[in-house]
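S.K.: I'd like to ask some things about the structure below.
The values are calculated or read from the model by the stated rules, or taken from the named source; none is laboratory data. This one's a predicted model, so the numbers in the text were calculated from it and none came from an experiment. All Cβ positions, even for glycine, are placed from backbone atoms using ideal geometry, and neighbour counts span all protein chains on display. For accessibility, only protein heavy atoms count, side chains too; no ligands or nucleic acids. Shrake-Rupley method; radii C 1.70, N 1.55, O 1.52, S 1.80 Å.
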Amino acid sequence: KTTATLLNRSEFAAIYWPKIKVVNPNTAVFGKATTVLADPSGFVAGLYAHTAGGKQGGVYTAPAGVERGILRGGVGLETDEAFKESARDLVYPVRINPITALPGTPIFIDGSRTLKGTSNFPSIPERRGVIFIEQSIKDAMLFAKHTNNDQKLRRSVNRTVTSFLLRQLADGAFASSKPEEAFFVDTSDALNTASVIASGILKVRIGLATNKPTEFIVLEFSQDTRRLDEEAALA
């Protein structure tokens, strides 16, 4: 019930289930049990950092799946329900990212959703990637502060932002490899009207077409009738 009330509250948060079994690190603290349960938060935070720093543009990649979502250090899960596809199908629609393992795989994260599905950036790699872009551009704009707000400055700001976004394009940040389809940067006079300039404000509007992670794979099988179709066409 408590978890359900969080649904659609924030795109800056994510929930993972279930807890992870780890080898008891200290019997004096945790008792004589061979294993203890640990919240997944630490595992997930470490995986976020590993994914983002593992390669150029890693922040745009989902920390999930059997290749990039492996949680090392765990020896089991709190409940065997997490191994069942039917149980994962119940929690994922309410934006709870399941942790599981399949035959022959280590424990891994099988979800990449934030808590808010109605936001502009509802997946974890989208939200984390845009945070990086927003903060990077914010830091890069310091040169423009206290500079005369004229067309020369606005062109310079546009070039600076565009140049940065082109580098992110090369790193796989966007849904298209074509700049005109991947993003736009607007520093136009229509946006920066006389009243806006008089208020000491420079407005920059930036649109981003972010990548969407693959969440489901649909396989369709049918009989191969191509040769029969060719014969029928020639008859």
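S.K.: Mind ordering 12-20, 43-51 by average Cβ neighbours within 10 Å, highest first?
M.R.: The packing order, highest mean first, is 12-20, 43-51.
S.K.: Shifting gears a bit: How charged is the neighbourhood of Ala140? Take every other residue with its Cβ under 14 Å from the Cβ of Ala140, and add Lys/Arg as +1 and Asp/Glu as -1.
M.R.: Neighbourhood net charge equals +2.
S.K.: Leaving out ligands, DNA and RNA, what percent of the accessible area of the range 1-107 is carbon and sulfur, probe 1.4 Å?
M.R.: About 55 percent, which is the carbon plus sulfur part of the accessible surface.
S.K.: Determine, at each q value in 0.17 (inverse angstroms), the log₁₀ of I(q)/I(0) that the Debye formula gives when each Cα of the range 6-79 is one equal point scatterer.
M.R.: For the range 6-79, the Cα-only Debye profile gives -0.76.
S.K.: Sticking with this structure for a sec: Go ahead and run the numbers for FRET between Glu81 and Phe221, Cβ-Cβ distance against an R0 of 25 Å, rounding to 0.05.
M.R.: Details: r = 29 Å, r/R0 = 1.18.
Working from the Cβ atoms, E equals 0.25.
S.K.: Considering only DSSP states other than H, G, I, E and B, which GluC sites (Glu not before Pro) in the range 176-222 qualify as loop sites with at most 15 other Cβ atoms within 10 Å?
M.R.: Glu215, Glu220
S.K.: Compute the long axis of helix 124-140 from its Cα atoms, compare it with the longest principal axis of the Cα atoms of the chain, and write down the angle in degrees, 0 to 90, nearest 10.
M.R.: 30
S.K.: Further question on the same structure: Suppose every Lys and Arg Cβ carries +1 and every Asp and Glu Cβ carries -1, with no other charges. What dipole size does the range 1-105 come out with about its Cα centre, to the nearest 20 debye?
M.R.: 180
S.K.: Leaving out ligands, DNA and RNA, and with a 1.4 Å probe, what % of the accessible surface on the range 112-170 is carbon or sulfur?
M.R.: Reported share for carbon and sulfur atoms: 53 percent.
S.K.: Restricting attention to the range 124-153, which trypsin sites (Lys or Arg not before Pro) occupy a DSSP loop and are surrounded by at most 16 other Cβ atoms within 10 Å?
M.R.: Lys145
S.K.: Here is a follow-up. Positive end of the dipole of the range 66-174, charges at C-beta (+1 Lys, Arg; -1 Asp, Glu), about the Cα centre: which of Thr79, Ala101, Ser112 has its Cα farthest in that direction?
M.R.: Ser112
S.K.: Against the globular-protein guess of 2.2 N^0.38 Å, express the Cα radius of gyration of the chain as a ratio, rounded to two decimals. The partial results should precede the final answer.
M.R.: On the way: Rg = 24.1 Å, N = 235, 2.2 N^0.38 = 17.5 Å.
Compactness ratio reported: 1.38.
S.K.: Here is a follow-up. Excluding ligands, DNA and RNA, what is the solvent-accessible area per residue of the range 52-147 at a probe of 1.4 Å, expressed in Å²?
M.R.: Value for the range 52-147: 52 Å² per residue.
S.K.: Let me ask something else about it. Over all alpha-carbon pairs of the range 157-231, lay out the pair-distance distribution in 5 Å bins, whole %, shortest bin first.
M.R.: That works out to 3, 12, 16, 12, 10, 9, 8, 7, 6, 5, 4, 3, 2, 2, 1, 0, in percent per bin.
S.K.: List the chymotrypsin sites (Phe, Trp or Tyr not before Pro) within the range 180-235 that DSSP assigns to loop and that have no more than 15 neighbouring Cβ atoms inside 10 Å.
M.R.: Phe216, Phe221
S.K.: Mind pulling the angle between the C-alpha long axis of helix 41-54 and the longest principal axis of the chain? Nearest 10 degrees, somewhere in 0 to 90.
M.R.: Value to nearest ten degrees: 50.
S.K.: For Ala190 and Thr105, compute 0.36 nm times the residue count separating them, minus their Cα-Cα distance, and round to one decimal in nm.
M.R.: That works out to 25.1 nm of additional length.
S.K.: Another question about this same structure. Percentage of Cα-Cα pair distances in the range 45-168 greater than 19 Å, rounded to whole percent?
M.R.: So the pairs more than 19 Å apart make up 60 percent of the total in the range 45-168.
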